[in-house]
Every structure is written in C-alpha cells, then in structure tokens.
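S.K.: The structure's right below; bear with me while I get my questions together.
The values are calculated or read from the model by the stated rules, or taken from the named source; none is laboratory data. Only a predicted model underlies this, so the values are computations on that prediction, with no experimental measurement involved. Using ideal geometry, Cβ is built from the backbone for each residue, glycine included, and neighbour counts are taken over all protein chains shown. Just so you know, the surface numbers come from the protein's heavy atoms only, side chains and all, with ligands and any DNA or RNA stripped out. Shrake-Rupley method; radii C 1.70, N 1.55, O 1.52, S 1.80 Å.
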Amino acid sequence: MVMTTGSIERRGGTGRLVHWRQANGRSAMRRWLLAGAVLSMVAAAPGRADAAALYGLVVGIDDYVGSANDLQGSVNDARDISQALERARASRIVTLTNGEATKDAVSSAFAALVDAAAPGDTVVFTFSGHGAQEPEPADRHGEADGKNETLLLAGYQPKGGGTRERIVDDEIFAWMQAADKKGVRVVFVADACHSGTMNRSIGASPVRYRVADYGPISDDELALPSPEFATMTEDDLKLATFVGATTDDRLTPEVEIDGEWRGALSWSFARAIEGYADRDGDGEVSQFELVQFLVPSVASLVESQQTPQVVPLRPSNDMLFAVGRTAEELQVASVETGSVVRRAEEAPLKVAVEGGDAGVLDGLTGVELVEDAGEADLIWSAGEGTVSHRLGGKVAEGALGRQARPVIAKFAALKWLKATAAVDPVTARITTGNGRYKIGSTIEVEIGGQTLPYLTLFNMPPDGKVEFFVPAGIGEASKDWRNEVIRERFQVSKPPYGAEHLVAIFSDEPLVGLHAVLGEMTTGDKAVVLRRALEEVMKGRKFQVGVLDIYTGD
C-alpha cells in the first residue's frame, strides 16, 4: 500500500474494490467521537453505581390472538434480559410473558417499580413483541404523520374489549413523566417495529418481523391519557432514554442466535447489561457507551439491515445502569463457560439448496444443509447460480456447481466473525449510506473505537476470495491503531456483484500466521478454508472484529 502523509493515494492491484487510503486517519467520525468524549465530562451522573439501585420490567410476547401474528423469539428475549438483570444484581425484576402480559399487569408493575425506586435509581423497561401504528384521534394533534405508535400485548384484538390490550405512545410518555418527576431514570427498550413507520408491508419472506397486521380498530375501549401527552417528545424528559429497534424505513426481524430465535436488539442489550458495553471498565454504562456498543453489535447480527435508535442523545456522562460483571470477570466467565465465539463454532451456517446437487458443498467447515428454506441462513438456487441471504437478499451471482463452494464458505467464516463482533464490537459504518453501489461508485467507510492495537484488514467479495489490504508492510504490521479512526475509500471497479464484506480485526499481537494465509487466498478455491484458519489462528487470543456489509450491483 502506498502511504504518503496528509494525502490520499490509490492502491494498485487487481482487487474489484479499488482501495484508497487517507494516511493521517483524521475524519469526521473521529471528531464526533472525540466531541462525545469531551462532552461526556460536562455533567456527572446524579447517582453512582455503588449508590443507585436497578429495577427491571421485562415483557416478551410470542403468543398472540390468532396464530398468524405469533412470534418465536420474544419470550427468549425476556428470559435472557431477566437473567442479565439478575447478574447485575437488580433489586427487583418483574418478568411478564405471553398471557401474563396484560395491560393492567404491565402498567401496575411499572408504577410499582417507580414507586419503589429512589431518586437516582434506574428502571429498565423492555418490550419484545409486535408493534403497530394507528390513526391519531381527531382531538389530538401530536403526531406529524397523524399516527400513533403502539405496542401490542398478548390479548390484543382490534374490536371491543381486546382494544384495551395495547400501549399507545402517549401512555408511554405519561409513565415516563411520572418517573422523571421523581428523579428516577428509565431506559425503555422496544424490540419491535415501534419506532417510526410501523405499518409496512412484509411481503413474501420466510423471516418473521415484529409488526402485526390486525386491520382497523373499531369499538375502541382504550382510555388515553390527557391530550398534553400527545405533544410531548423525548426531549421533554430529563432522565428517560428510549431505545428503538430500527429506523423508520426498516422492519425488525427475528434472527437465530445461539440456536434460538431472538431479537437482535434484545440480545445485544442483555450483553450490555452483563458488562460488555462498559468500555472504560468503571462498572457503569453511560448513554454514550450504550450507543457505541448497541449499533455495531446489532448490525453484526442482521447483515446491517437494522440500526438501533437511541434518543434523546445527551451530552453528559450520566450513568444509565451499573453492569453485572467487570471486564476481568467477563474474561474469566468466557474461559469457564465458553465464549460467544465458541458457541458460534457449534452453530453452523444453515444452507438450503434448491434445484441442484447439494453434494458439492460437502466438506465445508461450519456448514449444515437444511431442507426448509425458512430455517436457512442462505438459500442456494443452484439452477440460477444465485445465493440469497434470509435478511440481505441476493448476495452472489454466478454460483454454478462448485463455484458455490467459496461463496457458502465465505458466509460460514462471516458467521464465526460476526459472533465476536456482536459481543465486543468496534464502531464501523458506511458514511456514504447503506444502499446498493453501482460500478464506478465510491464507498467511504470509517472504523474506530478499538481497544486492541494491531490491525488486520481484508475484503471478502461475492465470489468468496479474499482481498488482503492491511498490513501491507512492516510499518503497518507493528503500528498501534488504538488512537486511530480509520477512514477508507473504495471504488466498485468490476463484477461480480453482490455482497462485499469488509473485515477489520484488532488483536493483542500481530497475526502473522493469519496474514500469511490471507495473502494466499487470491481465488475462491483457496479461500474455502478461511473459517478453519480463523478458528485455529485466533484460538486463545484477544481480538475485536468489525464487519461492514457492502452491496454492489445495478
């Protein structure tokens, strides 16, 4: 790689993504991160970890009225978050699943927890289940689009008495205001399509999304709070933090994690409570740390198809909650009970084959063939030569016969890598947007937030080979990257099109053995052993992973 201080140089070679580099590493992202770090010192938290108590209200609903709207992972979410709160030594935890989660039970539990809490304490309120959207009543004018966002409880029905079994956003604001007036923090996590436009078409897909379709409401018996709450926004509350599953233009899918159906946000939030979001090791998680952890962690689990929303962002270091275990305790626990990466070794990539010989995939590490496409991570349409991801859509073309082997092997390696990225992520994002890039397009990415010094950077094109970028020389191999925010520029130069995956690995020592292997993976046939190589080289080492999903094509 050509590197000249203060300039942008083009990297030569035959890579399909032509690589560019800004050598000094300064970027808008670095300025944002530094600004956040400085601003976080402005105001101290009202209470410290050793003084503030933690309370939890955890709701998870899979079983709805009518099987068409049933989910698979919400109860798993609730159990996981409850266990994480127990590890964090919460003073009281109320867990309501399926039929237990009635409107009266949820509202009375929240009120009781706020009543028990003292000023400076934190109530964590999480909901996993369906979201919906409905027209705002004629006498209330608080929504720009004229629609209220709602969370649907187990007994919800769109007519008569069942209409009471939902929680409208106006009610959430009323509950939050009561806590705010008492000086109690609330972290409200909604793992549903509740944030933004929720009434969206799902279309034909094997994926379950957390947005329900019940039709219009009639004979509504829900009593809304005072109209003042219709115009309230998150900024009107001083101590509440709202965490939504995704942005307005995306759905919230259920995904398989550790062999169970889950919501990606709930899984990552549970890890945050356990202590993985405590980046500075002080035993607390601030809002800034929560954002830094949740966004890349969730992205790694859902092929970058979901971006959590945390509002309102506050320029302070206010503690949201104390964590369950210190960084040292987490390290010991991972050795004793098996880390996320170890569990990934036992959770292979599931592949469904349509219209072809599945035997060509024999011998691939970490791959399991399944008959039901609805259970598969990838679907290989052998006759057409296309590979589709259950969340990311079409990810490769030209996968005919044995040409499919490196494509499938690539995603098996990615599943292993993303398991690590989810539990100890670096901040990686595409600054030019998350779309599909045509030939000639320039893609700008930024990577930062790493706590380990040595960098390995490579790209995985749609055809399954490896394009090895960093380190390109002795200087880069020994450089300490902890104080750098890396800004990279790529240009789409030629086919094949599909899903590119840019991988950044930060490690506690140079990965000389891995570099030697990556440098030889210039064809798909040579790269089919990538997952096995990663498992062998990375075993017993400390490392962090960032993965960027980049889609190219017309």
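S.K.: For the stretch 482-501, which positions are of a type in the set (S, T, N, Q) and closer than 16 Å to I439 by Cβ?
M.R.: Answer for the stretch 482-501, where residues must be of a type in the set (S, T, N, Q) and closer than 16 Å to I439 by Cβ: Q491, S493.
S.K.: Evaluate the following for V335: is it at pLDDT below 85 and either farther than 30 Å from A404 by Cβ or surrounded by fewer than 17 Cβ atoms within 10 Å (Cβ to Cβ) (or both)?
M.R.: yes
S.K.: Which of the residues that make up the stretch 522-540 are without any contact (Cβ under 8 Å) to a residue 40 or more places away in the chain and open to solvent by 90 Å² or more (accessible area, probe 1.4 Å)?
M.R.: E536, K539
S.K.: Also, quick follow-up: Out of the stretch 165-208, which residues are open to solvent by 40 Å² or more (accessible area, probe 1.4 Å) and either at pLDDT below 65 or small (G, A, S) (or both)?
M.R.: A178, T197, N199, R200, S201, I202, G203, A204, S205, P206
S.K.: Could I ask something else about it? Which of (1) hydrophobic (A, V, I, L, M, F, W, C); (2) more than 23 Å from V367 (Cβ to Cβ); (3) surrounded by fewer than 22 Cβ atoms within 10 Å (Cβ to Cβ) does F490 not meet, given it meets every other one?
M.R.: That leaves (3) as the condition not met.
S.K.: Here is a list of conditions, (1) modelled with pLDDT of 95 or more; (2) on the phi > 0 side of the Ramachandran plot, and R89 meets all of them except one; can you say which number that is?
M.R.: (1)
S.K.: Sticking with this structure for a sec: Given (1) under 28 Å from W380 (Cα atoms); (2) modelled with pLDDT of 90 or more; (3) open to solvent by less than 30 Å² (accessible area, probe 1.4 Å); (4) touching a Lys or Arg at 6+ places or on another chain (Cβ under 8 Å), where does V485 come up short, assuming only one miss?
M.R.: Unmet for V485, out of (1) under 28 Å from W380 (Cα atoms); (2) modelled with pLDDT of 90 or more; (3) open to solvent by less than 30 Å² (accessible area, probe 1.4 Å); (4) touching a Lys or Arg at 6+ places or on another chain (Cβ under 8 Å): (1).
S.K.: For the condition closer than 15 Å to V503 by Cα and out of contact with any Phe, Trp or Tyr (no Cβ under 8 Å at 6 or more places or on another chain), what is the one hit in E446, E375, E371, E467?
M.R.: E446
S.K.: Residue by residue through the stretch 229-242, note down the ones that are open to solvent by 70 Å² or more (accessible area, probe 1.4 Å) and at pLDDT below 80.
M.R.: Selection gives T231 alone.
S.K.: Moving on. When residues of the stretch 405-462 are filtered for being open to solvent by less than 40 Å² (accessible area, probe 1.4 Å), at pLDDT below 90 and hydroxyl-bearing (S, T, Y), how many remain?
M.R.: Count: 4.
S.K.: Okay, moving on. Answer with yes or no whether E375 is more than 26 Å from the chain's Cα centre (by Cα) and either under 30 Å from E484 (Cα atoms) or surrounded by fewer than 20 Cβ atoms within 10 Å (Cβ to Cβ) (or both).
M.R.: Criteria not met by E375.
S.K.: Kindly provide the set of residues from the stretch 85-132 that are in a helix (DSSP H, G or I), open to solvent by less than 50 Å² (accessible area, probe 1.4 Å) and either within 20 Å of E254 (Cα to Cα) or not small (G, A, S) (or both), ordered by number.
M.R.: Residues satisfying the conditions are L85, N98, K103, V106, F110, L113, V114.
S.K.: Now, a different point. Looking at the stretch 383-404 only, could you name the residues that are among the polar types (S, T, N, Q) and open to solvent by less than 30 Å² (accessible area, probe 1.4 Å)?
M.R.: T386
S.K.: Do we find a residue being open to solvent by less than 20 Å² (accessible area, probe 1.4 Å), at pLDDT below 90, under 30 Å from A53 (Cα atoms) and of a type outside the set (A, V, I, L, M, F, W, C) anywhere in the stretch 136-157?
M.R.: yes
S.K.: Checking T247 against (1) within 25 Å of A132 (Cβ to Cβ); (2) open to solvent by less than 10 Å² (accessible area, probe 1.4 Å); (3) at pLDDT below 90: exactly one of these is not met. Which one?
M.R.: So the condition that T247 fails would be (2).
S.K.: Would you point out the residue of the stretch 271-324, among those that are of a type in the set (S, T, Y) and outside any helix (DSSP H, G or I), that is farthest from V186 (Cα to Cα)?
M.R.: Here the answer is S304.
S.K.: I've got another one for you. Going residue by residue through the stretch 465-472, is there one that turns out to be modelled with pLDDT of 85 or more and within 19 Å of the chain's Cα centre (by Cα)?
M.R.: Among the residues of the stretch 465-472, not one is modelled with pLDDT of 85 or more and within 19 Å of the chain's Cα centre (by Cα), which makes the answer no.
S.K.: Only one of (1) part of a loop (DSSP other than H, G, I, E, B); (2) over 18 Å from I505 (Cα atoms); (3) of a type in the set (V, I, T) is not met by T451, so which one is it?
M.R.: (2)
S.K.: While we're here: Assess whether E476 counts as being within 27 Å of the chain's Cα centre (by Cα) and either in a helix (DSSP H, G or I) or over 27 Å from V298 (Cα atoms) (or both).
M.R.: no
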